[in-house]
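Here is the structure we will look at.
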């Protein structure tokens with residue numbers, strides 16, 4: 001006689017109860033509200049108008065968008081290789097090294113506007129800056145920084161401050177939000193108390 005296997009009533013009741021309990025538990029546990037994507041994703045820093053310019057990098061002529069420096073304190077300097085202030089390259093590099101981790105960037109724009117003291121090619125200028133002063137802060141292709149043909153950044157800086165470079169190594173300080181804080185004449189050395197204090201305050 002064939003043996004019939006049956007499930008004990010207690011087993012059936014236990015299975016049913018477990019099913020009911022699981023369903024009830026799921027219904028009773030509130031589902032967390034989804035986090036909005038905009039709140040979860042990091043927001044990109046807005047690029048201030050004064051940095052919305054593109055220039056070629058000195059070393060290789062590769063186009064660079066200044067918006068990559070948004071959110072930093074920026075020191076903009078027009079430079080020259082054969083000037084009485086050329087040794088300021090060393091001080092500018094020291095500033096860059098000292099405060100880079102805190103958010104400072106130095107941007108150099110070689111210019112032949114004053115005394116024709118920057119006559120070389122981009123490669124000659126880049127080699128001179130690196131080999132003589134170990135310059136590693138960002139440098140851009142030779143630029144016009146005064147007059148009707150000045151580049152777009154220097155046009156913006158002149159309008160913001162009412163001041164234009166009178167010689168090589170004039171300096172403009174811009175805060176993290178793109179506001180021009182100050183303009184420093186060529187004879188204000190990179191390690192001067194006035195410039196260093198302004199940078200530290202902005203950082």
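Inside segment 97-134, can you point out the residues that are touching a strand residue (DSSP E or B) at 6+ places or on another chain (Cβ under 7 Å) and surrounded by 20 or more Cβ atoms within 10 Å (Cβ to Cβ)? Selection gives 104, 106, 107, 108, 109, 110, 111, 118, 125, 129.
Is it fair to say residue 99 is outside any loop (DSSP other than H, G, I, E, B), over 15 Å from residue 169 (Cβ atoms) and touching a helix residue (DSSP H, G or I) at 6+ places or on another chain (Cβ under 8 Å)? Taking the combined requirement at face value, the residue satisfies it. Pairs only if they're at least six apart or on different chains, beta carbon under 9 angstrom, first in segment 99-113 and on the phi > 0 side of the Ramachandran plot and in contact (Cβ under 8 Å) with a residue 40 or more places away in the chain, second assigned to a strand (DSSP E or B) and surrounded by 19 or more Cβ atoms within 10 Å (Cβ to Cβ); list them, first residue then second. Close Cβ pairs satisfying both conditions: 103/73. Restrict the check to segment 146-153 and report whether at least one residue is farther than 26 Å from residue 60 by Cα and in a loop (DSSP other than H, G, I, E, B). Within segment 146-153, one or more residues are farther than 26 Å from residue 60 by Cα and in a loop (DSSP other than H, G, I, E, B).
Does segment 78-94 contain at least one residue that is under 16 Å from the mean Cα position of the chain (by Cα), modelled with pLDDT of 55 or more and within 20 Å of residue 172 (Cβ to Cβ)? Within segment 78-94, none of the residues are under 16 Å from the mean Cα position of the chain (by Cα), modelled with pLDDT of 55 or more and within 20 Å of residue 172 (Cβ to Cβ).
Of the residues that make up segment 79-92, is at least one surrounded by 21 or more Cβ atoms within 10 Å (Cβ to Cβ), in a helix (DSSP H, G or I) and touching a residue at least 60 places away in the same chain (Cβ under 8 Å)? Yes; the residues of segment 79-92 include at least one that is surrounded by 21 or more Cβ atoms within 10 Å (Cβ to Cβ), in a helix (DSSP H, G or I) and touching a residue at least 60 places away in the same chain (Cβ under 8 Å).
Within segment 126-144, one or more residues are in contact (Cβ under 8 Å) with a residue 24 or more places away in the chain, within 17 Å of residue 92 (Cβ to Cβ) and over 25 Å from the mean Cα position of the chain (by Cα).
The values are calculated or read from the model by the stated rules, or taken from the named source; none is laboratory data. These numbers come from a predicted model, not from an experiment. With ideal geometry, Cβ positions are generated from the backbone for all residues, glycine too; neighbour counts draw on all protein chains shown.
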